[in-house]
Amino acid sequence: MRYFKKPIIEDDASQDSIKSKTAEIINHVMSGGLDAVKELTARFDRYQGPLRVDKSMIDRCRDKLEPHVRDAVETASENIRMFHENQRALLKDSEWETQPGVFTGIRFVPVESVAVYVPGGRYPLVSTVLMGVIPAQVAKVNRIVIVSPPRGNEGVDQSVLGVIGLLGVGEVWSIGGAQAIAAVALGVGDIEKVDMVVGPGNAYVTEAKRLMFGQIGIDGLAGPSEVLIIADTNAPVKNVATDLLAQAEHDPLSISNLFCTSEDFANNVMRSIEDQLINLPTREIAQSAWHNNGSILVGTLDEAVAYANDSAPEHLELMVDNPKELLAQIHSYGSAFLGSHTSVPFGDFITGTNHILPTGRAARFSGGVWTGTFLKALTHQEFTEKAPAQFITHGVAIAQAEGLAAHANSIKARGR
């Protein structure tokens with residue numbers, strides 16, 4: 001395995017600054033409440049309008065969606081809902097008799113309230129509304145809240161509001177950044193606190209989720225978006241280059257990696273990227289991300305598998321012969337896209353799998369948002385009158401080994 005193109009590694013000296021500034025914002029919200037949220041929104045987003053988006057505004061934006069956009073969103077919604085309803089069907093409340101007279105069970109109960117953070121930076125991510133809200137609806141979360149940064153004097157982007165309206169969510173707050181996470185986690189003014197926050201955001205949003213975790217549940221800590229493409233020499237060069245650029249245009253910090261089996265193939269991909277960049281409307285962002293963070297490695301498919309399992313990419317594309325055979329050897333990725341006909345943007349927008357996925361190697365220990373994200377697995381047990389007798393001797397032995405006399409007495413009391 002060798003690098004054909006290396007990323008430019010820079011020390012992120014800003015991380016300490018992000019941590020301290022985020023802590024300051026949270027402390028400001030804790031002490032100043034809703035007035036602090038308004039002040040921070042005016043300072044960072046230059047917005048001084050109402051924070052709560054009126055339902056009539058949501059309805060107007062829904063009705064103003066272009067017909068072709070509305071049709072696309074409704075198609076995506078149907079696919080996302082179907083995929084997540086199939087997940088819900090896997091999680092069945094169950095009870096088993098594990099020993100005579102001993103019944104143990106599990107229930108899957110939705111969290112009571114969830115805030116979905118919808119980014120509002122360079123692009124209005126209407127698809128993130130679908131990916132955050134629909135699984136929560138399938139899980140039957142009682143209260144779903146949207147927080148999204150204002151974009152100009154109008155507040156939340158109107159296309160985002162239109163999609164929110166299609167999904168029937170009525171509580172939307174025009175707040176972004178760390179102050180949005182603090183507001184819904186703590187509950188300030190008219191904003192009632194939630195039990196969980198999901199959704200991607202910038203470094204300040206991510207740090208706020210880290211700091212508030214424990215008071216609220218979170219889906220994960222999102223970093224820059226990333227893709228790893230594994231390609232053999234039969235992969236279409238243009239498709240590989242296109243998909244690397246599709247990832248790169250997200251953000252200057254986005255990570256686009258290719259692992260291929262031939263230097264000639266790597267050369268051809270590099271040329272195709274340069275050709276496509278010439279007329280790409282998002283060239284400035286994509287070129288910066290590719291130049292600074294993109295990489296190409298050349299090696300065997302066995303080495304590619306080892307690299308994938310170690311790097312645990314958010315998105316994994318397998319443009320190889322027999323992609324399912326290769327996938328069976330890979331155990332760490334957010335979502336996989338198999339074959340040259342399948343690209344990440346299909347999953348981002350339309351096919352039904354969720355695009356809120358683990359980044360920064362977190363796929364080694366977690367998956368993306370799914371219906372189960374919003375469900376608590378609650379266990380219970382029940383003994384019949386004669387059942388405790390079979391456990392008393394062993395239970396008392398363990399209690400005494402741990403020095404817990406009251407535990408031993410509790411167990412013995414069931415033997416009378």
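The values are calculated or read from the model by the stated rules, or taken from the named source; none is laboratory data. Being a predicted model, the structure only gives us computed values, none of them experimental. Glycine gets a Cβ as well: all are built from the backbone with ideal geometry, and neighbour counts include every protein chain shown.
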| request: Count, please, the residues in region 214-246 that happen to be on the phi < 0 side of the Ramachandran plot and either of a type in the set (A, V, I, L, M, F, W, C) or within 16 Å of the chain's Cα centre (by Cα) (or both). | output: 22
| Could you say which residue among Val141, Val156 is closer than 28 Å to Ile58 by Cβ, β-branched (Val, Ile, Thr), crowded, with 24+ Cβ neighbours inside 10 Å and touching a Pro at 6+ places or on another chain (Cβ under 8 Å)? | Val156
| said: Tell me the residue from Phe374, Phe349 that is within 24 Å of Leu221 (Cα to Cα), in contact (Cβ under 8 Å) with a residue 40 or more places away in the chain and touching a strand residue (DSSP E or B) at 6+ places or on another chain (Cβ under 9 Å), please. | reply: Phe374
| Given (1) basic (Lys, Arg); (2) closer than 20 Å to Lys140 by Cα; (3) more than 20 Å from the chain's Cα centre (by Cα), index of the condition Arg70 fails | (2)
| query | How about region 204-215: which of its residues are surrounded by fewer than 21 Cβ atoms within 10 Å (Cβ to Cβ) and either of a type outside the set (Phe, Trp, Tyr) or under 22 Å from Lys38 (Cα atoms) (or both)? | reply | Tyr204, Arg210, Leu211, Met212, Gly214, Gln215
| request: Could you tell me whether Gly121 is out of contact with any Ser or Thr (no Cβ under 6 Å at 6 or more places or on another chain) and either more than 17 Å from Val172 (Cβ to Cβ) or assigned to a strand (DSSP E or B) (or both)? | output: yes
| task | For Phe4, state whether it is touching a residue at least 12 places away in the same chain (Cβ under 8 Å) and part of a strand (DSSP E or B). | result | yes
| query | Across region 25-72, what is the number of residues that are within 17 Å of Val145 (Cβ to Cβ) and among the aliphatic types (A, V, I, L, M)? | reply | 7
| query | Just wondering, is there one or more residues in region 21-28 that are assigned to a helix (DSSP H, G or I), touching a Leu at 6+ places or on another chain (Cβ under 8 Å) and more than 21 Å from Leu221 (Cβ to Cβ)? | reply | yes
| Which number in (1) outside any loop (DSSP other than H, G, I, E, B); (2) more than 21 Å from the chain's Cα centre (by Cα) marks the one condition that Val129 misses? | (2)
| task | Collect the residues in region 36-46 that are at pLDDT 95 or above and either of a type in the set (Ser, Thr, Tyr) or in contact with a Lys or Arg (Cβ under 9 Å, 6 or more places away or on another chain) (or both), keeping them in residue-number order. | result | Thr41
